[in-house]
1. What distance in nm separates the simple spin-label points at residue 17 and residue 89, each placed 7 Å from Cα in the Cβ direction?
2. Can you tell me the Rg and Dmax of segment 17-71, counting just the alpha carbons, in angstroms?
3. For segment 17-71, what % of the accessible area comes from carbon and sulfur atoms, probe 1.4 Å?
4. Label residue 30 and residue 102 with points 7 Å out from Cα along Cα→Cβ: what is the distance between them in nm?
5. Within 14 Å, Cβ to Cβ, of residue 29, how many net charges do the neighbouring residues add up to if Lys/Arg are +1 and Asp/Glu are -1?
Amino acid sequence: EGIGGMSQGGRSHFMTIIEDHGVYGSTCGYCKSEQNTFRSHGMSAHVCSVEDYQHLIDRGWRRSGNWMYQPVLDRTCCPPYTIRLDVHRFSPTKSQKKVERRLQAYLEGRIDEKGAPTNNARDPPSTAVAATGAEEDVAAAVIERAVTRALAK
């Protein structure tokens, strides 16, 4: 059964409860239009199973808190297109690696915002804001497990 009941072979133990609000117009956060030029179909999700949520995401729906919406791409001023990335297959390009190196140099104080070398290279990030190596490893492991679980579904 689809949205509103037991999904995908009964894996969910609760029913999805939504309140459909239909198509509506709002101001656009992209072009800053002061008129209601951004069109979406919206609904309040009071309860939503993981399976039903994934079905909605796969069909172009987005979420902000309990508010779920699907932009009406052919009737909105700035259509937001979803881009998916398989993190296990991603390999940064030479250009992306260069940007990453420049960002790291900037964060370390070796270059300024225009890319010019500086003489005030900072020590590694201060302990007040930087995680220890062990904390970074734990955070990386948690993120990796979450991504792996999401991709396994």
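The values are calculated or read from the model by the stated rules, or taken from the named source; none is laboratory data. Quick caveat: nothing in here was measured; it's all calculated off a predicted structure. Backbone-built Cβ (ideal geometry, glycine too); neighbour counts: all protein chains shown. Just so you know, the surface numbers come from the protein's heavy atoms only, side chains and all, with ligands and any DNA or RNA stripped out. Shrake-Rupley method; radii C 1.70, N 1.55, O 1.52, S 1.80 Å.
1. In this crude label model, residue 17 to residue 89 measures out at 4.0 nm.
2. Just the Cα atoms of segment 17-71 yield Rg and Dmax of 12.1, 37 Å.
3. Reported share for carbon and sulfur atoms: 48 percent.
4. Going by the 7 Å Cα→Cβ label model, 2.5 nm.
5. Surrounding charge for residue 29 is +2.
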